[in-house]
Each structure stands twice: as C-alpha cells, then as structure tokens.
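Report on the structure given below.
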Amino acid sequence: QVQPVESGGGLVQPGGSLRLSCAASGSIFTIDDMAWYRQAPGKQRELVAIITSSGNTNYADSVKGRFSISRDNAKNTMYLEMNSLKPEDTAVYYCNFKWRLYSYWGQGTQVTVSS
C-alpha cells in the first residue's frame, strides 16, 4: 500500500500563486497516472489535472493556462503550480495516484483564495 501526502496549501490573495506537492510514502513501484482533484463546499469532487507516466497532461477548462502539473518519477512525487488564482479556486485539493487497477488518495490540502 502507498499513502499519498499533499502539502503546500494555504491562504493566498486573488492573483497570487501556490505550488502544491504530493508524495507517496511506502511506494516501490512506478505510478502510472497522477492526478489532482478538488472539492469545494457543497460541490462534487472535480478533476483538475492529470499526468500520465509518459508525461501526457490534461486540464479542466477552468484552470487551463493558469495551472501546470508535473511529476518526478524518481521521487514518486507530483506537483501542481497554480497561478493567477481566483476565489473560485478555493477548495480542498486531493492527489490521486494510480497503478494498474489500484488507486490511492491523499487526505487533501486546503487552498483558500480570498482578499
């Protein structure tokens, strides 16, 4: 089993930037897909960005051009660079790692965008 752990969340003003990280503990295999999800109060969880083992990426329309996902396979770590943040980006951000048929979730990190 692996346990992803998110970090880097916090309070930021509109237009600011944050960099989230997610690292797996206890992993000895290469993760296939890595993804960031987010969930705002009263709303369903939504996919923010994904990156495959080959480096292919996809983004939600709401974050295209502002967010950038990357990964370091040697460290089994994923990053999300968030720029030009908006109040509507406020949510708990969760990382998800997938390997074959297995899926692993982190506990989430709070991102609050407010002036």
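The values are calculated or read from the model by the stated rules, or taken from the named source; none is laboratory data. For clarity, every value in this text was computed on a predicted model and none was experimentally measured. Cβ: placed from backbone, ideal geometry, glycine included. Neighbour counts: every protein chain shown. Heads up: the accessible areas ignore ligands, DNA and RNA and are worked out on the full protein's heavy atoms, side chains in. Shrake-Rupley method; radii C 1.70, N 1.55, O 1.52, S 1.80 Å.
With respect to the conditions (1) without any contact (Cβ under 8 Å) to a residue 12 or more places away in the chain; (2) surrounded by fewer than 17 Cβ atoms within 10 Å (Cβ to Cβ), residue 59 lacks only one, and its number is (2). Residue 59 - would you say it is more than 13 Å from the chain's Cα centre (by Cα) and over 13 Å from residue 19 (Cβ atoms)? It is false that residue 59 is more than 13 Å from the chain's Cα centre (by Cα) and over 13 Å from residue 19 (Cβ atoms). One residue stands out among those in segment 47-56 that are of a type in the set (S, T, N, Q) and either surrounded by 13 or more Cβ atoms within 10 Å (Cβ to Cβ) or within 16 Å of residue 6 (Cβ to Cβ) (or both): the one that is nearest to the chain's Cα centre (by Cα), which is 52. Candidates are the residues of segment 100-115 that are of a type in the set (Phe, Trp, Tyr) and either touching a strand residue (DSSP E or B) at 6+ places or on another chain (Cβ under 6 Å) or open to solvent by less than 70 Å² (accessible area, probe 1.4 Å) (or both); the one that is farthest from residue 38 (Cα to Cα) is 104. Checked across segment 18-29, the condition of being outside any strand (DSSP E or B) and either within 20 Å of residue 111 (Cβ to Cβ) or touching a Ser or Thr at 6+ places or on another chain (Cβ under 8 Å) (or both) holds for no residue.
Taking each residue of segment 34-46 that is open to solvent by 90 Å² or more (accessible area, probe 1.4 Å) and looking for partners that are modelled with pLDDT of 95 or more and part of a loop (DSSP other than H, G, I, E, B) with beta-carbon atoms closer than 7 Å, six or more apart or interchain, yields nothing. The selection criterion, being in contact (Cβ under 8 Å) with a residue 40 or more places away in the chain and of a type in the set (Gly, Ala, Ser), holds for residue 10.
Residues in segment 72-91 that are assigned to a strand (DSSP E or B), open to solvent by 40 Å² or more (accessible area, probe 1.4 Å) and at pLDDT 95 or above: 79, 81.
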